[in-house]
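Below you'll find the structure, written out as structure tokens, and then a few comments.
The values are calculated or read from the model by the stated rules, or taken from the named source; none is laboratory data. For clarity, every value in this text was computed on a predicted model and none was experimentally measured. Quick reminder, even Gly has a Cβ in these numbers, built from the backbone with ideal geometry, and neighbours come from all protein chains shown.
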Amino acid sequence: MNLNSRSTSDKSYRRLTRLKTTIKMLLISSTSFLFLGSLLQAQTQSLSAPGIYLQPVPSQSLVVSPQQKQIASEPIGLRVPATATWSDTRIHVQQGEVVTLKAQGKIEFYERKYFDKNIPTECGPTGTYHYSEKVVDEFFPIPSATRGPAPPYALIGRIGNGAPFYVGSQKSFYAPASGPLFLGINDYDCSDNKGFFSVTITRGGYLEPFKQEEVVTAAAVPGRPVPNSQVMVFYIDGLRPDVVREMVAMGHLPNINRLFVSGGTWMSRNCTAFPSDTITSNGTMWTGCFSDRHGLKGQVRFSRLKLVSESYLEPLGPSRSARLLKPQGLDGAIHKAQSASVGKLKGDAAAESFEGSTTSGVQPLFGHLRSQGSDWATGILPMMTEVPPLLWTRSIVREMPMLSAHESYKYVDDANTHYTLRNLMHRDRPVTVVWLPETDSISHKSSRGQFGITRRTIAEADVHIGHIVNELEKQGKINSTYFILVSDHGHHGGQETHLKHFDIANELFHQPRQLSNNGGWVGGGMGMSVRQHRFWNRHPEDGTQDFVFIDGDSDGAARIYLPRDHFHSGKWVGEFKPSSMLAYPIKQGQQPVNLINAILSSRTTDEQGRQVHPIDLVMMRLDESSILISTVDRGQAVIHRKRLENQKWAYRYQVVTDVQPTSEGFVKFRQVSAPITDPLGLSQTITPQDLNRYQTERDWLRLTADTTYPDAVVTLTRHMLWQKNLEYREPEYAPDLVVTARRGWYFGQQGSTGTMHGYPFADATRASFFVSGPNVRRGARIEEPSRLTDLTPTILDMIGMETDPHDFDGIPLRQIYESGSSQSSIMQPVAHTGQFVPAVRKEPLYWEQLNLNAWNGLNYVEKKPYPYLPVSINRPSSRLDLNNIAYNMIAVSDWNVIKLFDDIIAPLSSQKVQVLNSVERFDQNVRSNSSGWISEGVHAVDLPMTSIGDYSVTSLGNMQRINRTVDWVQHRGLDLDHLLASSMGRNQLPGTHLLHSGIDGTQYGVWEVYRFGQRIVVQVLDENLLNGVENGTDRMVNSFRKIPSEVVLSPQQSSGLQMVSHTIQDPNYRPTMQAFQQQEQMRLRYRHQQQLRVPPSSGPVRSAQPYAAPPQESSPNGSKSPGPQSPDWQSRITLDKAQQQRQ
């Protein structure tokens, strides 16, 4: 073969080779595109199916080929010194490349001082939230403490000059950009640090999940609790479940992780009631009912009959809320006697009215337990019969600094934990509740809430939980105890922005009306006197009964009470007419005001000087079965409810427009058949058929659980309406309107960098609900939505108590238990849909699914308060407040003798030893590890809690010691009785039961009388005397203030100003009315054609197409304007047909 032919052959060969290579590449590329297409399709499907997660793949990762993804580099090891903020790893990463970092080791960052005995001095790569108070306002590389959610001293990273990110002990992520990788320490000053972190870096491969999670679907077979169990409830006030999950993923909260996240089950779609505040939520938690049954509608109750307000958040608040439900003990006996006396003097109807107006008759959790001869064990709670529990004040005085009653909210977690360990753990009670409220109180007062310094509080709560669980392990009760971690609500704000305050009481209602020189209303507020609890901003023109009462300060919801008919009527009790809110006279001679529109159209200035609307929803009761919801930019809707045959409620959500008052006092409106938008945003995710038909409460929960307003159709209606057991309370305590703040705003007189609740938004209504214990699934997430109404039925189910399901609005949750079924991975039918899904599936959980992305710092611009606020000497946050002075004086008798030695003597010594802690540890060890008679004897003496007041034999501490000594003697007597009786073949000696029952009854009676007297003393001292002095002083000081309700502007000031108009543009109004007009024209044309005489030569008349029914005008009382389905329309159509036949 010659050279030319060989060359030609080589060229052909090379061409053929290139052709084969090209074909292979095309095949690989097409396969890759198919793979990516299927992956993207799967991701799209996962977005449409809640709870289904795949490995997250950002768009930037597409620059890396699948071959490169599957090849991981060899791990590179290096050290990150603690003395440098940033260290160059000399590794250059590519955008979209998978980077996996794993770290270990410890660094030392702080030299401990005596007063910092509980602060760690070293930490691992995850950092620590147990940091010193001196660093809370420092500027860390990633915002920490008061400035952000990152833990100080943690391992962090950045790419090039990009934003720093948290690494911790492990992080697997897609590189957001190309550039050199830097690692460092999240410390504002690394010069005094010691040590290093060892880090291994792997490039390529696939994302490593945080863990594998078991997802329990609605098809899972329910299980049952094990018998002979007890329940320990950790109630962390305001705890957000998404924050818990993120902190656990970051390597923190070891006890919560071990017990609840990795070792238990999470109700991932759990909702609280509305408003999402402490009191209403507690009523819902501990009764299993909504507020339309238990009656706790807000933080304050205002009586239209007495024109006085009472707070559920003051010292008597917990007892007041418990007595509203169903009085217990001596309170119950007194209430029954009062009711019987009223019945004998005035008849049965008066007795029924007395009972209905003073109590709701709903049994709380402790009432169910007491009906079975048992009880719960708890420290202080927002709802309880004791004020406070006996000896609890000694625990709070032990924990807080001397004479610091004004800061007692910072030490309640420590006090309740200490009280539980010292006084509750030895009690044989089926249910124990430990309330840790500081997460909520610190979130309100401190910057960014749970995205700021509150994370330190949550970490401390985790330590408290660990102490209690360890004590249960020592007592051998851990395997027979169910643990519940629950919160009453979530929190709004702090994640993306600071909240801004709108003083609805003063900026809107009290602010004087601005009039032009010709008397026209051209600006300002409503010019109405305003009252809130212990607050009155009064205009001199208004009488003592001319005011608006508002329950809602530092909250996301407000309840508004007005005089009946018109502002100056002086009439507070009477029939509520919904039409009056659409035309409410506030001054004689002026046009009535549409209060709903006036509230919605109100404006205020934000931090950038822009005029914005701070109001989100305004709600009004229409009748006993329906409510109206209004917004400024999303139209209006009506929710109807009705009873089903099974006595359960069903609801229908209708978007409406053209809302008008009627002369009969009702409200009429037109239904929108094809809404553009709606107040709750449901028309964007739910079909019109589902919206317009009645559905059960559980169905609405499933439909709305993942929306902006979870479960709002049910919770808003339940709050606005009242059931039959509250029919005597409704006329006295029902508000006229309920208002919620817009996202990013809250109602309050003062600005705050903290976060709030009360809203119907998801972040405020999503309450924590974790469970662990025997037979409970581990590391599981329940997809089926739940409510806080399910808490009490679930607790009673855990302890094996039989109850009537009709006593609750909730149900016992049983999917949390292992069912023992081997068919968990097989497709099972879902009861409410009929679809087949696996009962349980395993899913990888990645960091980005838990990352809340709140790492950026936020700037806070304080808004000035309303300039015409009244002066008040009531300053609860001041040490010089009258109540705080009194409490500090009373607390002296509870000062711990041993702690006094520590506080005064120990700091002068170089030894870092606290005598009180040593004595308490010795006392606790003896009680936990000794025989019964020794343990009870040590507990009876209670040496560590000896206080100054115990010099008197009649002190509470000594009376409790006597009481426990009597119990000790009884138990030893029962042991001896059993020994003697068994030798005689009997269970007990004759008379033993009668003797001990008499002793127990005497003890119970003595302490019931003591508690009752204690509450009376607190009421006289706190509410009558101290509050009376403060309120009287405030009235006297502010009597000299003369802020008129109207201000007349000069011609120059009023020039160019227009008359105040409260009109609102409803997005659904114009399309609905245009459709109505078109349908009306078709109807008239049809009738005209039916009435025309037909010429003989024209042939048969072709009838017009049937027209669609026009939107019906409706009102909640059932009246409708004539429509095609009404008798009026039917009679007209029949007449037309008869006339045509005659022609």
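Among the listed residues Arg718, Arg766, Arg742, identify the single one that is within 20 Å of the chain's Cα centre (by Cα), among the basic types (Lys, Arg), surrounded by 23 or more Cβ atoms within 10 Å (Cβ to Cβ) and over 18 Å from Leu296 (Cβ atoms). Spell out the reasoning first.
Working: Arg718 fails: over 18 Å from Leu296 (Cβ atoms); Arg742 fails: surrounded by 23 or more Cβ atoms within 10 Å (Cβ to Cβ).
Exactly one of Arg718, Arg766, Arg742 is within 20 Å of the chain's Cα centre (by Cα), among the basic types (Lys, Arg), surrounded by 23 or more Cβ atoms within 10 Å (Cβ to Cβ) and over 18 Å from Leu296 (Cβ atoms), namely Arg766.
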**Asked** Is it the case that segment 368-379 has a residue that's touching a residue at least 60 places away in the same chain (Cβ under 8 Å) and either surrounded by 20 or more Cβ atoms within 10 Å (Cβ to Cβ) or acidic (Asp, Glu) (or both)?
**Response** yes
**Asked** Out of segment 501-546, which residues are of a type in the set (D, E, K, R) and under 35 Å from the mean Cα position of the chain (by Cα)?
**Response** Asp503, Glu507, Arg531, Arg534, Arg538, Asp546
**Request:** Evaluate segment 503-526: report whether one residue or more is among the charged types (D, E, K, R) and touching a helix residue (DSSP H, G or I) at 6+ places or on another chain (Cβ under 9 Å).
**Result:** yes
**Asked** Which of the residues that make up segment 475-515 are part of a helix (DSSP H, G or I) and either at positive phi or free of Cβ contacts under 8 Å to residues at least 24 places away in the same chain (or both)?
**Response** Ile478
**Prompt:** Of the residues Phe210, Phe196, Phe182, Phe165, which is of a type outside the set (Gly, Ala, Ser) and modelled with pLDDT under 95?
**Reply:** Phe210
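Restricted to segment 396-419, and to residues that are over 25 Å from the mean Cα position of the chain (by Cα) and within 21 Å of Asn282 (Cβ to Cβ), which residue is surrounded by the most Cβ atoms within 10 Å (Cβ to Cβ)? Step through it out loud before you land on a result.
Let us first name the residues in segment 396-419 that are over 25 Å from the mean Cα position of the chain (by Cα), namely 396-406, 418-419.
If we keep only those that are within 21 Å of Asn282 (Cβ to Cβ) too, we end up with 396, 419.
Numbers: Ile396: 22, Tyr419: 25.
Looking at residues that are over 25 Å from the mean Cα position of the chain (by Cα) and within 21 Å of Asn282 (Cβ to Cβ), I get Tyr419.
Is there a residue in segment 246-266 that is within 24 Å of Pro805 (Cβ to Cβ), in the same structural domain as Pro805 (by TED's automatic domain parsing) and at pLDDT 95 or above?
Within segment 246-266, the first condition is being within 24 Å of Pro805 (Cβ to Cβ), and the residues that meet it are 265.
Narrowing the set further to residues that are in the same structural domain as Pro805 (by TED's automatic domain parsing) leaves 265.
Still in the running and at pLDDT 95 or above: 265.
Yes, segment 246-266 contains at least one residue that is within 24 Å of Pro805 (Cβ to Cβ), in the same structural domain as Pro805 (by TED's automatic domain parsing) and at pLDDT 95 or above.
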**Message:** Ala337 - would you say it is over 30 Å from Ile478 (Cα atoms) and in contact with a helix residue (DSSP H, G or I) (Cβ under 6 Å, 6 or more places away or on another chain)?
**Reply:** no
**Message:** Being closer than 30 Å to Asp292 by Cβ and modelled with pLDDT of 90 or more narrows it down to one residue among Glu848, Glu784, Glu818; which is it?
**Reply:** Glu784
**Message:** Looking at (1) out of contact with any Gly (no Cβ under 9 Å at 6 or more places or on another chain); (2) exposed (fewer than 13 other Cβ atoms within 10 Å of the Cβ); (3) of a type outside the set (A, V, I, L, M); (4) in a helix (DSSP H, G or I), which one does Asn987 not meet, given that it meets all the others?
**Reply:** (4)
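Here's the yes/no breakdown for (1) in contact with a Pro (Cβ under 8 Å, 6 or more places away or on another chain); (2) hydroxyl-bearing (Ser, Thr, Tyr):
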site: Ser281; (1), (2): no, yes
site: Thr287; (1), (2): yes, yes
site: Gln299; (1), (2): no, no
site: Tyr312; (1), (2): yes, yes
site: Pro327; (1), (2): no, no
site: Gly343; (1), (2): no, no
site: Asp348; (1), (2): no, no
site: Ala351; (1), (2): no, no
site: Gly356; (1), (2): no, no
**Asked** Does Thr287 qualify as being touching a strand residue (DSSP E or B) at 6+ places or on another chain (Cβ under 8 Å) and crowded, with 24+ Cβ neighbours inside 10 Å?
**Response** no
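Condition check ((1) assigned by TED's automatic domain parsing to the domain that holds Thr457; (2) part of a helix (DSSP H, G or I); (3) of a type outside the set (Ser, Thr, Tyr)) across all residues:
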{"site": "Ala84", "(1), (2), (3)": "no, no, yes"}
{"site": "Thr89", "(1), (2), (3)": "no, no, no"}
{"site": "Val99", "(1), (2), (3)": "no, no, yes"}
{"site": "Lys102", "(1), (2), (3)": "no, no, yes"}
{"site": "His130", "(1), (2), (3)": "no, no, yes"}
{"site": "Pro141", "(1), (2), (3)": "no, no, yes"}
{"site": "Thr146", "(1), (2), (3)": "no, yes, no"}
{"site": "Ala163", "(1), (2), (3)": "no, no, yes"}
{"site": "Ala177", "(1), (2), (3)": "no, no, yes"}
**Item:** In segment 420-448, residue surrounded by the fewest Cβ atoms within 10 Å (Cβ to Cβ) [restricted to those that are in a strand (DSSP E or B) and touching a helix residue (DSSP H, G or I) at 6+ places or on another chain (Cβ under 8 Å)]
**Value:** Thr432
**Request:** Please list, ordered by first then second residue, the pairs with beta carbon atoms under 8 Å, 6 or more apart or interchain, first in segment 971-987 and assigned by TED's automatic domain parsing to the domain that holds Ile934, second assigned to a helix (DSSP H, G or I) and among the small types (Gly, Ala, Ser).
**Result:** His971/Gly932; Asn987/Ala981
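Which one of these is assigned to a loop (DSSP other than H, G, I, E, B), at pLDDT 90 or above, farther than 30 Å from Arg777 by Cβ and not β-branched (Val, Ile, Thr): Asn884, Asn853, Asn859? Don't jump to the end; show me each part of the working.
Working: Asn884 fails: assigned to a loop (DSSP other than H, G, I, E, B); Asn853 fails: farther than 30 Å from Arg777 by Cβ.
Exactly one residue qualifies, and that residue is Asn859.
Based on what the data block shows, is Arg879 in a loop (DSSP other than H, G, I, E, B) and either of a type in the set (Asp, Glu) or in contact with a helix residue (DSSP H, G or I) (Cβ under 8 Å, 6 or more places away or on another chain) (or both)? Lay out the reasoning, then the answer.
Values: in a loop (DSSP other than H, G, I, E, B): yes; either of a type in the set (Asp, Glu) or in contact with a helix residue (DSSP H, G or I) (Cβ under 8 Å, 6 or more places away or on another chain) (or both): yes.
Yes, satisfied.
Quick test for you: out of Val926, Val915, Val892, pick the one residue that is surrounded by fewer than 15 Cβ atoms within 10 Å (Cβ to Cβ), out of contact with any strand residue (DSSP E or B) (no Cβ under 6 Å at 6 or more places or on another chain) and modelled with pLDDT of 90 or more.
Details: Val926 fails: modelled with pLDDT of 90 or more; Val915 fails: modelled with pLDDT of 90 or more.
Answer to the check: Val892.
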**Prompt:** Just checking, how many residues over segment 764-783 are in contact with a helix residue (DSSP H, G or I) (Cβ under 8 Å, 6 or more places away or on another chain), more than 20 Å from Ser229 (Cβ to Cβ) and not aliphatic (A, V, I, L, M)?
**Reply:** 4
**Fill in**
In segment 198-223, anything assigned to a strand (DSSP E or B), in contact with a Ser or Thr (Cβ under 9 Å, 6 or more places away or on another chain) and under 30 Å from Ile107 (Cβ atoms) is listed as Val199, Thr200, Ile201, Thr202, Arg203, Lys211
**Asked** Among the residues of segment 196-238, which ones are over 19 Å from Ala249 (Cα atoms), surrounded by fewer than 23 Cβ atoms within 10 Å (Cβ to Cβ) and of a type in the set (Phe, Trp, Tyr)?
**Response** Phe196
**Fill in**
If we keep only residues of segment 350-365 that are without any contact (Cβ under 8 Å) to a residue 40 or more places away in the chain and either part of a loop (DSSP other than H, G, I, E, B) or more than 29 Å from Pro805 (Cα to Cα) (or both), then the residue farthest from the chain's Cα centre (by Cα) is Ala350
**Message:** Out of the residues in segment 124-152 meeting the condition of being crowded, with 22+ Cβ neighbours inside 10 Å and closer than 13 Å to His252 by Cα, tell me which one is farthest from the chain's Cα centre (by Cα).
**Reply:** Pro125
**Prompt:** If you take the residues in segment 170-210 that are of a type in the set (D, E, K, R) and within 38 Å of the chain's Cα centre (by Cα), which one is nearest to Tyr846 (Cα to Cα)?
**Reply:** Glu208
**Asked** touching a Gly at 6+ places or on another chain (Cβ under 6 Å) and touching a residue at least 60 places away in the same chain (Cβ under 8 Å): does that describe Glu1008?
**Response** yes
